[in-house]
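Bear in mind these aren't lab numbers, they're just calculated from the coordinates by the rules spelled out. Just so it is clear, the model here is predicted, and its values are computed rather than measured. Here the Cβ is made from the backbone with ideal geometry for all residues, glycine too, and neighbour counts use every protein chain on show.
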Amino acid sequence: MKDPNPPKPSRPEGDLPSGGSGESQRRILGRAVRHSALPLKGLWLHYFSMGGTAGEYELDAYINASYSLPDLQQDILAQAVNEMIDMLPPPPRASYSDDTDDGGPPTKELQG
Amino acid sequence: MQSVEEIRTQANTEQGQPSAHDQGSSAGAHQLASQLGDLARSLNQESPEAVLELVVAAAIELIPGVEEASLSIVTGRKEVETVAPSSELLRRLDDLQVELTEGPCLEAIYSERTIRVRDMATETRWPSFAEKATEAGVGSMLAFQLFVVGDNLGALNLYSSQVDAFDDDSEHVGLIVASHAAVALADAQQVSQLHEAVQSRDVIGQAKGILMERYKITGHQAFLLLAKASQHTNKKLQVLAEDLVNSGELTGGKT
């Protein structure tokens, strides 16, 4: 499977690991899923909600084995993974000696 | 607690039993089992909203002593929502517990237990709630935790205007109804999640269509455009798609 030409990106900057071969996209995604321990069921539902067409078992096989998905499906799954990672609660942080309350300063929420 | 399988088996073995002779003041065991079997079957076929109302109606009908009933559902471990209350008073009473952060329903939800309040007027475990509930005419209460899957919790709340309306029988039958309710609720929640997912798919599909037509690009390219905009704006792709469909503008996209 050959990777698609990116759609004339306005600004091809930074943080998206740019396509590469489908295989490396698969490995990077697998690493992200395992690192954050995303639950398969929730991931599938989110992927499905964005137009994903593969089933839960196919996703499992794609993430953990060498099953391949069509390019669009890989990108939908990547978006689902990134959104789920963004939704994870921030890890606990340390406090300072002049912090008054237990929780430290209010953490900024980026969610819209 | 009795498993649903056991209840179903029990209900099935009791099926076909004559029930007409059993119209006394308390429901006989045979009749109860077949009623529960009926409940299990009908819960399988209903829409999510109907399931909740059916559970509440069944609780009132089957559990000895119940006058009014409601379900409380916890969403995202925080928000407690009252569903299918048999009267508006119950919604207020359930909301009151959330406001006061005390009360038998909350206790049942979070401590995985069955809570019985024999006499609301002399109740000391939740003083503020007990006072308000007594004023509202509540005599006694019974609340069951529902063992719903994962983070989703809930309680079945039963109310009576009489003091000491609930006995051990109420608790036994209540536990069985609660276990049915838990299974039905888990299913209903799954169905409504799927429903939301399908709506989201539809909106994202429309957004892709707009971009495809506007920029003469493929569906895949349109999706990547949305994904990039989502990364740039830190907004969910579905939110951007909705904005695009409503306003015609893609936030954080091409200018």
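Summary table below
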{"quantity": "Kirkwood-based Rg to Rh ratio, the stretch B:194-247, C-alpha trace", "calculated": "0.96"}
{"quantity": "Residue order, fewest to most surrounding Cβ atoms within 10 angstrom, among B:Leu36, B:Leu96", "calculated": "B:Leu96, B:Leu36"}
{"quantity": "Net charge, A:Leu69 excluded, C-beta distance under 9 Å - Lys, Arg +1, Asp, Glu -1", "calculated": "-1"}
{"quantity": "Principal axes of the stretch A:22-87: Cα extent on each, largest first, Å", "calculated": "26, 24, 18"}
{"quantity": "Neighbour-count ranking [beta-carbon atoms within 10 angstrom, fewest first] of B:Thr114, B:Thr251", "calculated": "B:Thr251, B:Thr114"}
{"quantity": "Translational D in µm²/s for the stretch B:128-200 (Stokes-Einstein at 20 °C, 1.002 mPa s, Kirkwood Rh from C-alpha pairs)", "calculated": "150"}
{"quantity": "Unit Cα scatterers, Debye sum, the stretch B:90-166: log10 I(q)/I(0) for q = 0.15 Å⁻¹", "calculated": "-0.44"}
{"quantity": "The stretch B:88-177: GluC sites (Glu not before Pro) in DSSP loop, at most 13 other beta carbons within 10 Å", "calculated": "B:Glu112"}
{"quantity": "Under 10 Å, Cβ to Cβ, from B:Met120 - net charge with Lys/Arg +1 and Asp/Glu -1", "calculated": "-2"}
{"quantity": "For residues of A:69-80, the mean tally of beta carbons on other chains within 10 Å", "calculated": "3"}
{"quantity": "Shielding by partners - mean other protein chain Cβ count within 10 Å, residues of B:236-244", "calculated": "3"}
{"quantity": "Radius 10 Å from Cβ of B:Ser160, net charge of other residues (Lys, Arg +1; Asp, Glu -1)", "calculated": "-3"}
{"quantity": "Shielding of A:37-47 by partner chains, average beta-carbon count, 10 Å", "calculated": "2"}
